[in-house]
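The values are calculated or read from the model by the stated rules, or taken from the named source; none is laboratory data. Predicted model only: the values in this text are computed from it and were never measured. Glycine also receives a Cβ, built like all others from the backbone with ideal geometry; neighbour counts cover every protein chain displayed.
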């Protein structure tokens, strides 16, 4: 009897335990059923495309071919030997979305973490550069357009019109342009987009500098190519016959106080050095006796050493006398009597001269003086 009671008690305890654990399991299950399950979602990505930083409607695409697998699905790949017009450069996405560009499939592979806008940036691998010239020509007219690899320089050989020089160049995308005067090359630096450049050449202006020794003249003037240079240059007293040398193969002459270069073609410095003139050692002096007198001694025209005196003896005709100094074109003339004659003297001769005797009539009471002054 007692054994039976013991069995009943054990069964009762087990039933109670099962009931308790059942209730606990039911409550736990209910609790778990009330929690939200994660929702799987496809996020929306919006793309924007840029080529050389300019927004375009579609993704720039290189030449491709279409291949089909055994199931009939198609895919596109870059043609290995095709011309690659574009390259992917970089990207930026909102909401911290990241990704990478796949050159093989030519597509952007992004992380699936949020709605976002992704901007994809492409660049051209090479660009065409066009050149337009004013007052100049290309050395090779077939090179008006050149295809240049990205970030490389475009170099054009240019022949300016004679007498013209480079002034400026402007390009559509503000590329840096340089002119190499020695090589006669126009260089457009670091090409990154389609570009047109216009280069202008203007008539050259050149400076003429003069250095004048033993004289005076303008020191610096500017002239356009091909113009005639005329500069007033005067020698100092007793100087002339300049020695002229000019740089850059320019040729100059001097005449009548004018320094002349017939056609200026380059900058030049000219040295004009006047030389001292050699003093004349003798001069010609002539005496015009006229019809009212007679030359008694001395030739009417004589050579006289520089600084010397020259004299003539003149006898007036009857009824005439000489009372005043002769008229001379130069020098210091004088007259004095010697018996019935008159001594005409020209002192300190320093240049060619001509003297004319001046007579006057005398009355019968007047007699020539016989005293010597």
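Checking residue 231 against (1) in a strand (DSSP E or B); (2) in contact (Cβ under 8 Å) with a residue 60 or more places away in the chain: exactly one of these is not met. Which one? Of (1) in a strand (DSSP E or B); (2) in contact (Cβ under 8 Å) with a residue 60 or more places away in the chain, only one is false for residue 231: (2). The residues of the stretch 294-325 that are under 19 Å from residue 279 (Cβ atoms), in contact with a strand residue (DSSP E or B) (Cβ under 9 Å, 6 or more places away or on another chain) and touching a residue at least 40 places away in the same chain (Cβ under 8 Å), listed by number, are 304, 305, 306, 308, 309.
Checking residue 186 against (1) assigned to a loop (DSSP other than H, G, I, E, B); (2) surrounded by 14 or more Cβ atoms within 10 Å (Cβ to Cβ), only one condition comes out false. Which one? Condition not satisfied by residue 186: (1).
Residues are listed down the side, and each one gets a yes or a no for (1) farther than 30 Å from residue 187 by Cα; (2) surrounded by fewer than 19 Cβ atoms within 10 Å (Cβ to Cβ); (3) within 23 Å of the chain's Cα centre (by Cα); (4) not assigned by TED's automatic domain parsing to the domain that holds residue 137:
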site	(1), (2), (3), (4)
211	yes, yes, no, yes
216	yes, yes, no, yes
231	yes, no, no, yes
236	yes, yes, no, yes
245	yes, yes, no, yes
250	yes, no, yes, yes
263	yes, yes, yes, yes
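Return the residue satisfying two criteria in turn: it lies in the stretch 60-81 and is assigned to a loop (DSSP other than H, G, I, E, B) and under 26 Å from residue 48 (Cβ atoms), and of such residues it is modelled with the highest pLDDT.
Within the stretch 60-81, the first condition is being assigned to a loop (DSSP other than H, G, I, E, B), and the residues that meet it are 60-63, 69-73, 79-81.
Going one step further and asking which of them are under 26 Å from residue 48 (Cβ atoms), we end up with 60-63.
Working: 60: 91, 61: 88, 62: 85, 63: 77.
If we take residues in the stretch 60-81 being assigned to a loop (DSSP other than H, G, I, E, B) and under 26 Å from residue 48 (Cβ atoms), then 60 is modelled with the highest pLDDT.
In the stretch 168-183, the residue that is farthest from residue 131 (Cα to Cα) out of those that are free of Cβ contacts under 8 Å to residues at least 12 places away in the same chain and part of a strand (DSSP E or B) is 180.
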